[in-house]
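These notes are about the structure you will find just below.
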Amino acid sequence: YLSGNNYTVESVISGTDTLSRLENFSPDLIILDVMLPDINGKDVCLRVRNDKSLEAVKIICVSGMVEEDKIEELHRAGANEFLAKPFETERLIERICALLEIETFA
(Lines give C-alpha, C1' and ligand atoms only; values in the text may rest on other atoms or scores of the structure.)
Protein backbone atom coordinates (compact mmCIF):
# COMPACT_ATOMS: atom_id res chain seq x y z
CA TYR A 1 0.00 0.00 0.00
CA LEU A 2 2.74 2.47 0.90
CA SER A 3 4.91 1.78 -2.13
CA GLY A 4 1.81 2.19 -4.31
CA ASN A 5 1.54 5.73 -2.95
CA ASN A 6 5.07 6.75 -3.97
CA TYR A 7 6.82 5.93 -0.70
CA THR A 8 10.06 3.98 -0.64
CA VAL A 9 9.53 0.76 1.29
CA GLU A 10 12.24 -1.60 2.49
CA SER A 11 11.14 -4.97 3.86
CA VAL A 12 13.13 -7.29 6.08
CA ILE A 13 12.15 -10.46 7.92
CA SER A 14 14.08 -10.35 11.18
CA GLY A 15 15.47 -8.05 13.83
CA THR A 16 19.01 -8.81 12.73
CA ASP A 17 18.14 -7.91 9.14
CA THR A 18 16.52 -4.68 10.36
CA LEU A 19 19.61 -3.61 12.29
CA SER A 20 21.89 -4.57 9.42
CA ARG A 21 19.81 -2.62 6.91
CA LEU A 22 19.83 0.45 9.17
CA GLU A 23 23.62 0.62 8.85
CA ASN A 24 23.14 1.93 5.28
CA PHE A 25 19.58 3.25 5.24
CA SER A 26 17.99 5.82 7.52
CA PRO A 27 14.22 5.65 7.14
CA ASP A 28 11.70 8.18 8.35
CA LEU A 29 9.64 5.40 9.91
CA ILE A 30 9.94 1.77 10.97
CA ILE A 31 6.89 -0.47 11.26
CA LEU A 32 8.17 -3.13 13.61
CA ASP A 33 6.53 -6.40 14.52
CA VAL A 34 7.24 -7.21 18.15
CA MET A 35 7.42 -10.97 17.67
CA LEU A 36 10.41 -11.49 15.38
CA PRO A 37 12.10 -14.82 14.64
CA ASP A 38 15.38 -13.79 16.25
CA ILE A 39 15.56 -10.53 18.25
CA ASN A 40 12.58 -9.24 20.22
CA GLY A 41 11.06 -6.06 18.77
CA LYS A 42 11.65 -4.28 22.07
CA ASP A 43 15.39 -4.97 21.75
CA VAL A 44 15.37 -3.65 18.19
CA CYS A 45 13.70 -0.46 19.48
CA LEU A 46 16.36 -0.06 22.14
CA ARG A 47 19.17 -0.52 19.63
CA VAL A 48 17.64 1.98 17.22
CA ARG A 49 17.17 4.51 20.02
CA ASN A 50 20.77 4.04 21.17
CA ASP A 51 22.04 5.01 17.69
CA LYS A 52 22.27 8.82 17.55
CA SER A 53 22.15 8.77 13.74
CA LEU A 54 18.64 7.27 13.96
CA GLU A 55 17.18 9.49 16.66
CA ALA A 56 14.66 11.10 14.28
CA VAL A 57 13.28 7.75 13.08
CA LYS A 58 9.71 7.10 14.17
CA ILE A 59 8.78 3.56 15.28
CA ILE A 60 5.36 1.96 15.16
CA CYS A 61 5.27 -1.43 16.90
CA VAL A 62 2.61 -3.93 15.95
CA SER A 63 1.66 -7.13 17.75
CA GLY A 64 -1.16 -9.43 18.68
CA MET A 65 0.02 -9.11 22.28
CA VAL A 66 -1.95 -6.46 24.10
CA GLU A 67 -0.87 -6.71 27.73
CA GLU A 68 -0.68 -3.14 29.00
CA ASP A 69 2.64 -3.66 30.81
CA LYS A 70 4.26 -5.04 27.62
CA ILE A 71 2.97 -2.11 25.60
CA GLU A 72 4.39 0.29 28.18
CA GLU A 73 7.76 -1.50 27.93
CA LEU A 74 7.74 -0.89 24.17
CA HIS A 75 7.08 2.82 24.72
CA ARG A 76 9.92 2.99 27.26
CA ALA A 77 12.16 1.21 24.73
CA GLY A 78 11.46 3.97 22.22
CA ALA A 79 8.34 3.03 20.27
CA ASN A 80 6.33 6.08 19.28
CA GLU A 81 3.15 4.12 18.69
CA PHE A 82 1.66 0.68 19.25
CA LEU A 83 -1.05 -0.95 17.14
CA ALA A 84 -2.70 -4.18 18.18
CA LYS A 85 -3.21 -6.78 15.46
CA PRO A 86 -5.41 -7.06 13.61
CA PHE A 87 -5.79 -3.42 12.59
CA GLU A 88 -7.31 -1.60 9.66
CA THR A 89 -4.94 -0.21 7.04
CA GLU A 90 -6.58 3.18 7.47
CA ARG A 91 -5.62 3.22 11.16
CA LEU A 92 -1.98 2.49 10.28
CA ILE A 93 -2.00 5.23 7.63
CA GLU A 94 -3.46 7.69 10.15
CA ARG A 95 -0.68 6.92 12.64
CA ILE A 96 2.03 7.13 9.96
CA CYS A 97 0.77 10.52 8.78
CA ALA A 98 0.45 11.86 12.32
CA LEU A 99 3.97 10.77 13.28
CA LEU A 100 5.52 12.12 10.09
CA GLU A 101 3.34 15.25 10.22
CA ILE A 102 2.11 14.79 6.68
CA GLU A 103 -1.34 14.98 5.15
CA THR A 104 -3.33 11.74 5.15
CA PHE A 105 -3.06 10.01 1.79
CA ALA A 106 -5.51 7.12 2.24
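The values are calculated or read from the model by the stated rules, or taken from the named source; none is laboratory data. It should be emphasised that the depicted structure is a prediction, and the values quoted were computed from it without experimental measurement. Heads up, the Cβs are rebuilt from the backbone with ideal geometry, glycines too, and the neighbour counts pull from every protein chain shown. We work out accessible area using only protein heavy atoms, side chains counted, and drop any ligands, DNA or RNA first. Shrake-Rupley method; radii C 1.70, N 1.55, O 1.52, S 1.80 Å.
Report the local net charge at residue 54: Lys and Arg +1, Asp and Glu -1, summed over other residues whose C-beta lies under 12 Å from its C-beta. Intermediate values should be presented prior to the final figure.
Working: positive: 21, 47, 49, 52, 58; negative: 23, 28, 51, 55.
Residues close to residue 54 contribute a combined charge of +1.
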Return a whole-number percent for the relative contact order of the chain, with Cα pairs under 8 Å and 6 or more residues apart as the contact set.
22 percent
Per-residue counts of other Cβ atoms within 10 Å, averaged by peptide: what ranking do you get for 32-40, 67-75, highest first?
32-40, 67-75
Of all accessible heavy-atom area on the range 1-98, the percent that carbon and sulfur account for (1.4 Å):
46 percent
Using a basic spin-label model with each label point 7 Å from the Cα along Cα→Cβ, how many nm lie between residue 43 and residue 98?
3.0 nm
Answer with a single label: of (1) 14, 39, 21, 11, 11, 4, 0; (2) 14, 49, 34, 3; (3) 16, 55, 26, 2, which was calculated as P(r) over Cα pairs in 10 Å bins from 0, in percent from the structure in view?
(2)
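Express the accessible area of the chain per residue in Å², computed with a 1.4 Å probe while the remaining protein chains stay in the model.
On the way: 6610 Å² over 106 residues.
So the chain comes to 62 Å² accessible per residue, rounded to a whole number.
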